[in-house]
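Read through the structure below, which is laid out as structure tokens, and then see the notes.
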Amino acid sequence: MPLIRALKRSSLSEDVRARLAAVRDAMEANSAQELATLLIGEADGFVRETALTHLARLDGEFPAQALVRLMREGDTALRNAAIETLGSLGERAIDALAGVLVDADVDARIYALTALQLIESPRAAEVALDAALKDADVNVCAAAIDVVAESGARAMAAALSEVAARFPDRPYIAFAAHAAQHRLG
Amino acid sequence: MSALPRREAPAELSEDEFRRFCEFFYRRTGIQFGANKRYFVDKRVLDRVRISGSFGFRDYFERLKRDSGEYQSLVNAMTVNETYFYREVYQLECLVKSILPELTKKRGGGALRIWSVPCSTGEEPYSIAFFLLEHFGRIDEFEVEIVASDIDTAVLDKAKAGLYSTRALQYVPTATLARFTADAGGGERRVVPALRDSIKFTSVNLLDAADDRFYRGFDVVFCRNLLIYFDDVSRREAAAAMFECMAPGGFVCLGHSESMSRISSLYQLRKFPEGIVYQKPM
Amino acid sequence: MPNVLIIDDSATTRMFYRTTLESAGFCVDEAANGLEGLEKTMLAPFDLVIVDINMPKMDGLEFLCELRRREEVRGLPAIVISTMQRDQDRARAHAAGANAYVVKPIDPQALVAYGRLMTGMAA
């Protein structure tokens, strides 16, 4: 008796259950695109986490592409969850993220670098250093410096001084470059 | 960057390596090591560097991020795994003084489902049972069900046997021990049969539990020192699995150094006098 | 000494704010995301919180909503310091409960000035 009452108490609302069922169907089909489409505008945290963690488990390049789309199109909460999930994909997300670094939207470039920092890979650092030396936006370069600090090679230290020199009137960049150099050893 | 031949591995980490390691470990597990733990950390980390066949700290650090087996070995090496009754008793107090009163405020009776996962060798579920029987005033009004689960059947067998050393029981008040345990000889005591039989011990992997309707509607989940062993994605999945297994308004208690803030955004933060816990929204 | 809580997912940014504010006589604590920040506000009193917008687990907007929802901390002054510079970003932050909004990167002098202003410290 008590067990059945307990089971009844835990049911989700009809609406959420329907959306969860749609997510589970997409998971069964291993469809990254479908999961991404369902995630846009999905406000329920549980449905979102279920879909995102499943995306992280899918093979191939589609998950990264799907997550980059969510990073660009999602609201603040979805965007940040997508960035975090991109970080978990590791190396295979680097190409998709590198593609965003030439986007006209400054925010998008910063988000991509935030994800690259989570990837903790020397290749991510190479991509980031390139951005830091070329990008016109100071916050993009700051985010790029953080990636280099996280996963860069010692040989990158000198280039960081160049980055700082690009923004002489921005104390934060000098601070960040110096901190990154210290980190690289 | 030169690779160190294994024979000449250093005896200690550099200041920078110690700092980087502590940052990494804190981010993953919530466990913090101060400067006073320097020797403790250096020794264990360098042991792992050696055992894993890494060329040095930097090589090992890279390996850690890719190799979940090594990561788990590291966490094992760095954490004190001793389990005993009434460990982190403030959580049991929180259960009785804050969590249960809130859960039962509007209920006149019915089921209260509590889940201890992983239950290991049983100290935790039995501690919960002892504490509730001793301190939860309304226990007779409710059908309290304690489910205790672990993926490891060997520890489950030990838990079912209910046999413990005086060392494991040292923090339990004598009167409580007299009430719920019996002398088993050889300095050991055995939990009384009625109590052993009343706890449901099951073998399950948390990540798969939500597939089984038995694991639903939990009002309180104790999940201590499990999530620290997982990588980021598995941790989110585990938190979501637990969420699915809980009743709306249910509470989750993690280990002392752990926090939901590094794991999952699904739960609501609640502050009680005894500490911070996380709740599944109503 | 006023207590300031810094919430930002960038360790470098937190370090920058910390060194700047500590030199100016503030006591500083840190959190790496909004949820961790919320925990900290529950455990100790602060005079000011500086919060980023884009962070994992709980972003700055949600943090502000949670802060304003909770009686014991709803009056805590909050400055948002974020890379986002559109009017709508600023409006959203204010709607969520920010007292001030600054676009990154902030200069050390400006950070200290804001800190003093929001905590009522003599300049």
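So if R0 is 30 Å, what FRET efficiency would residue C:121 and residue B:268 give, r being the distance between their Cβ atoms, rounded to the nearest 0.05?
Numbers: r = 34 Å, r/R0 = 1.14.
Taking R0 as 30 Å, the efficiency between residue C:121 and residue B:268 is 0.30.
Rank the residues C:73, A:102, C:103 as a footprinting-exposure proxy: fewest other Cβ atoms within 10 Å of their Cβ go first.
On the way: C:73 18, A:102 12, C:103 15.
In order of increasing Cβ crowding within 10 Å: A:102, C:103, C:73.
Which of the residue pairs B:37/C:104; B:65/B:158; B:37/B:271; A:134/C:104; B:106/B:271; B:105/C:57 have a Cα-Cα distance greater than 26 Å in the structure shown? Can you show the working numbers first?
Values: B:37/C:104 37 Å; B:65/B:158 34 Å; B:37/B:271 30 Å; A:134/C:104 19 Å; B:106/B:271 20 Å; B:105/C:57 31 Å.
Those over the limit are B:37/C:104; B:65/B:158; B:37/B:271; B:105/C:57.
Explain nothing, just the number: relative contact order of segment A:12-184, from Cα pairs under 8 Å at least 6 residues apart, as a whole percent.
On the way: 235 pairs, mean separation 23.3, N = 173.
It comes to 13 percent, rounded to a whole number.
Can you pull the one-decimal nm distance between simple spin-label points at residue A:95 and residue C:43, each 7 Å off the Cα toward Cβ?
Each label point lies 7 Å from its Cα, and together they span 4.3 nm.
Within segment B:53-158, report the GluC sites (Glu not before Pro) that DSSP leaves as loop and that have at most 13 other Cβ atoms within 10 Å. Mind dumping the intermediate values first?
Numbers: sites: B:62, B:70, B:82, B:88, B:93, B:102, B:123, B:134, B:141, B:143, B:145; in loops: B:82, B:88.
Of the GluC sites (Glu not before Pro), the ones in loops of segment B:53-158 whose Cβ has at most 13 other Cβ atoms within 10 Å are B:82.
Using only the alpha-carbon atoms, how far is helix A:106-119 inclined from the longest principal axis of chain A? Give it as 0 to 90 degrees, nearest 10.
Roughly 80 degrees between the two axes.
For segment A:165-179, what does the Karplus curve 6.51 cos²θ - 1.76 cosθ + 1.60, with θ = phi - 60°, yield as ³J(HN,Hα) per residue in whole Hz, taken in order and with x for Gly and Pro?
5, 6, 10, x, 9, 10, x, 5, 5, 4, 4, 5, 5, 5, 4
Run the quick spin-label model on residue B:77 and residue B:97: label points 7 Å from Cα toward the beta carbon, then report their separation in nm to one decimal.
4.0
Which Rg and Dmax, in Å, describe the Cα atoms of chain C?
That works out to 12.9, 36 Å for Rg and Dmax.
Within chain B, what's the longest run with no trypsin sites (Lys or Arg not before Pro) in a DSSP loop and at most 16 other beta-carbon atoms within 10 Å? Give the range, please.
Values: sites that count: B:105, B:106, B:107, B:138, B:167, B:213.
Value returned for the longest uninterrupted segment is B:1-104.
Rounded to the nearest 0.05, what FRET efficiency is calculated for residue C:85 and residue B:256 with R0 set to 51 Å and r the Cβ-Cβ distance? Each step should come with its number before you reach the end.
Details: r = 41 Å, r/R0 = 0.81.
Using R0 = 51 Å, I get an efficiency of 0.80.
In square nanometres and to one decimal, what's the mean projected area of the convex hull around the Cα atoms of the protein assembly as shown?
In nm², the orientation-averaged hull projection of the protein assembly as shown is 28.7.
As I understand it, the value is the acute angle between the Cα axis of helix A:62-73 and the longest principal axis of the Cα atoms of chain A; what does it come to in degrees, rounded to 10?
80
Near residue B:197, within a Cβ-to-Cβ distance under 14 Å, what is the net charge of the other residues, with Lys and Arg +1 and Asp and Glu -1?
Details: positive: B:160, B:190, B:196, B:200; negative: B:145.
Net charge in that neighbourhood comes out at +3.
Gaussian network model of chain A, Cα springs within a sub-10 Å range: biggest mean-square fluctuation belongs to which of A:72, A:170, A:48?
A:170
Identify the trypsin sites (Lys or Arg not before Pro) of segment C:48-123 meeting these criteria: DSSP loop state and at most 12 other C-beta atoms within 10 Å of the C-beta.
Details: sites: C:57, C:68, C:69, C:70, C:74, C:86, C:90, C:92, C:116; in loops: C:57, C:70, C:74, C:86.
Those that pass, being in a loop and sparsely packed, are C:74, C:86.
What is chain B's relative contact order, in percent, from Cα pairs under 8 angstrom and six or more apart in sequence? If you can, show how the numbers build up before the last one.
Details: 401 pairs, mean separation 50.9, N = 282.
18 percent.
Taken together, the values in this text are just the output of simple stated rules run on the coordinates, not laboratory data. As the structure is a prediction and not an experimental result, all values here were calculated from the model. With ideal geometry, Cβ positions are generated from the backbone for all residues, glycine too; neighbour counts draw on all protein chains shown.
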